[in-house]
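The values are calculated or read from the model by the stated rules, or taken from the named source; none is laboratory data. Note that the structure is a prediction, hence the values are computed from the model and not measured. As a convention, Cβ positions derive from the backbone with ideal geometry for all residues, glycine included, and neighbour counts pool all protein chains shown. Side chains are part of the model used for accessible areas, which takes the heavy atoms of the whole protein and leaves out ligands, DNA and RNA. Shrake-Rupley method; radii C 1.70, N 1.55, O 1.52, S 1.80 Å.
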Amino acid sequence: LKHHRSTKMRPSILLSHQPQQKTSTRSTPRLFSFDARRVRTPPPTTTSSSSSSSSSSSFSSSSSRRRRRRRRTARQSRFAAKASSNNNTNDIQTSSKSSDAQQKTRRDALVNVACLGLSLPLWKDVFHDLGFYSGPDDEFADVPSSDNRRGSAPIGEPPMLLDVAVFAGGCFWCMEETFENAEKAGAVVATTSGYAGGTVANPKYLQVCKGGTGHKEVVRVLYDKNKISYKELLFLYFRQIDPTREDGMFLDGGEQYTSAIYVNSDEQKKEALEAIDRMENLNVFRTDENASESKVIKTKVVDLRELPEEGQFFPAEKYHQDYFEKNKGRYSVYRFMSGRDPFTQNTWQNKFDKRVGGEDKAFEAIFD
């Protein structure tokens, strides 16, 4: 610098040290700045690279199609398996229901056959009663004789002193069973179902049921007076009936099913009337429903000796004899529906027997 300042500079040197000014080729100011260095240009493409790219893209698309196809096939397989399983389940359920239905049908058929088998004898009895059937069982039963009032007895025992008692207590099937135990013990020789107190000789069951003959259903008891007394028979009789009704007996309605005692001697008549009066005084059959009535027991005492021949005892048909033993199933159903047992149990076992101290005490209270 000292040299420069001390010497006279040459024009060329001065020109060379002047700063160069940047010149712009644009005549107008730029609105947007652009830097070419920052632009990434793709590598130059060649024919081989383009072909490989197209092949890779086609491979990827085909593989994706195969994957979609496999997924679709798998879904279809699952759906088919599920549908098959449902069909198998439905088939099993259908077959099970069909099997149950067949078993139920077989059971119903067996039940119907059993009911038919049980009802055939009953329908036979109905045909007997209606008069559409006539056979050996439709004939009148035989009546054991007691004319001499003496019977043969086993060796070592005294001769039987036979007598007859006739009771009306509703259905004679039930009345026969009343004296079954006494008959098994040998005190009662025989029981016979029949009719008494009417105006027609040899009545049929259908006639009596219609109520046009005046008969009642009765049971004739042939008994040995040496083994059982008439009082004991009366006691058995009253423990099986409802003597408070005048329109029937339990399930059966009509005068032919009302209670009555048919006597054949003064002794029987006296004992029957005394038993009725005694039971009235003891209020055996008095309840809240009949408390206002002066006389509760409506059982009539009828002397057979005063009745005409048509009013005497006539045996019923053979198929009515010992019905409770020959037709236990049907008889049990009838007796259950009649309500006889609940009434007698409530009247005697649950009421009077408890009040006096037992069945033996009840007999003593009425007859002693």
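Could you list all residues from region 252-273 that are basic (Lys, Arg) and either in contact (Cβ under 8 Å) with a residue 12 or more places away in the chain or touching a Leu at 6+ places or on another chain (Cβ under 9 Å) (or both)? 269 - this is the single residue of region 252-273 that is basic (Lys, Arg) and either in contact (Cβ under 8 Å) with a residue 12 or more places away in the chain or touching a Leu at 6+ places or on another chain (Cβ under 9 Å) (or both). In the set (1) under 35 Å from the mean Cα position of the chain (by Cα); (2) within 29 Å of residue 205 (Cβ to Cβ), residue 301 fails one condition alone, (1). I want to confirm something. Restricting to region 164-177 and keeping residues that are in a helix (DSSP H, G or I) and open to solvent by less than 20 Å² (accessible area, probe 1.4 Å), which single residue is farthest from residue 251 (Cα to Cα)? My answer is 176.
Specify which of the listed residues (248, 253, 194, 198) is under 25 Å from residue 287 (Cα atoms) and open to solvent by less than 10 Å² (accessible area, probe 1.4 Å).
248
Counting only residues that are open to solvent by 10 Å² or more (accessible area, probe 1.4 Å) and either touching a strand residue (DSSP E or B) at 6+ places or on another chain (Cβ under 9 Å) or polar (S, T, N, Q) (or both), region 271-286 holds 4 of them.
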